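K.L.:
My structure is below; once you've seen it, I'll send some questions.
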Amino acid sequence: MLREPILVDTIAGYGGIRAIEVVRKLLTADEMSEVDLAAAVGIPESVIRGILYRLYNQKVVSFRKEREANGWYVYHWTLQQDRLHQLVETRRNMTLDLLRRRLDYERGNHFFRCESGCTKTTFENAFENDFVCTDCGTALRQHDNCFQIEEINSYITRLEGSCQAY
Ligand SMILES: [Zn+2]
């Protein structure tokens, strides 16, 4: 559970890095109180509350309020898995969109680079600068971006393939 990178990124993005443990615990129970969550995750209740409020803002968790015999209220929190799934899908689609645009850019241009690899530049830029690196002054050579294209492609394939793995 919770091994899919995009799911972990989504939770951390909305609730902070410690929210991952909180969500992991909530996945194992129908509902949990802040006290139980704090004990299970091993972080102070005040921190747990902050995480829960951030997740609540995104509707990833909901709560039920219960009055104890001593008059205090206890909040029982439930993970909204459908909502979490929806946020993951949105993030996945945005990332895929960015990657596909990046892929088009990599495929649609010839790139140039100096020996030290300061920056990668397009043919137009290299031409304007007489094929000299603007950072270090050495000659620019054509840069083979096959490797980057392969990397982006494999990332796209992985993102397209990772669905409902939690
Ligand atoms: Zn350079």
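The values are calculated or read from the model by the stated rules, or taken from the named source; none is laboratory data. What you are looking at is a predicted structure, and each value in this text was computed from that prediction instead of being measured. All Cβ positions, even for glycine, are placed from backbone atoms using ideal geometry, and neighbour counts span all protein chains on display.
K.L.:
Anything in the stretch 111-157 that is near the ligand (Cβ under 8 Å from one of its atoms), modelled with pLDDT of 95 or more and within 30 Å of residue 6 (Cα to Cα)? List them, or say none.
P.N.:
None - no residue of the stretch 111-157 is near the ligand (Cβ under 8 Å from one of its atoms), modelled with pLDDT of 95 or more and within 30 Å of residue 6 (Cα to Cα), so the list stays empty.
K.L.:
Taking the condition touching a residue at least 24 places away in the same chain (Cβ under 8 Å) and surrounded by 15 or more Cβ atoms within 10 Å (Cβ to Cβ), does residue 114 pass?
P.N.:
Spelling it out, residue 114 is indeed touching a residue at least 24 places away in the same chain (Cβ under 8 Å) and surrounded by 15 or more Cβ atoms within 10 Å (Cβ to Cβ).
A quick yes/no check of all residues on (1) within 24 Å of residue 152 (Cα to Cα); (2) of a type in the set (Ser, Thr, Tyr); (3) assigned to a strand (DSSP E or B):
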| position | (1), (2), (3) |
| --- | --- |
| 3 | yes, no, no |
| 20 | no, no, no |
| 77 | no, no, yes |
| 95 | yes, yes, no |
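K.L.:
Exactly one condition in (1) charged (D, E, K, R); (2) outside the structural domain of residue 23 (by TED's automatic domain parsing); (3) farther than 17 Å from residue 15 by Cβ is not met by residue 65; state its number.
P.N.:
(2)
K.L.:
Another question about this same structure. So which of 49, 101, 92, 107 ends up being touching an Asp or Glu at 6+ places or on another chain (Cβ under 9 Å), in the same structural domain as residue 152 (by TED's automatic domain parsing) and away from the ligand (no atom under 16 Å from the Cβ)?
P.N.:
One residue alone meets the criteria, 92.
K.L.:
Can you tell me which of 58, 80, 86 is in contact with a Lys or Arg (Cβ under 7 Å, 6 or more places away or on another chain) and not hydrophobic (A, V, I, L, M, F, W, C)?
P.N.:
Testing whether each residue is in contact with a Lys or Arg (Cβ under 7 Å, 6 or more places away or on another chain) and not hydrophobic (A, V, I, L, M, F, W, C) leaves just 80.
K.L.:
Among the residues of the stretch 95-110, is there at least one that is under 21 Å from the mean Cα position of the chain (by Cα), modelled with pLDDT under 95 and among the basic types (Lys, Arg)?
P.N.:
no
K.L.:
Name the residue, out of 23, 47, that is modelled with pLDDT of 95 or more and within 29 Å of residue 161 (Cα to Cα).
P.N.:
Details: 47 fails: within 29 Å of residue 161 (Cα to Cα).
Exactly one of 23, 47 is modelled with pLDDT of 95 or more and within 29 Å of residue 161 (Cα to Cα), namely 23.
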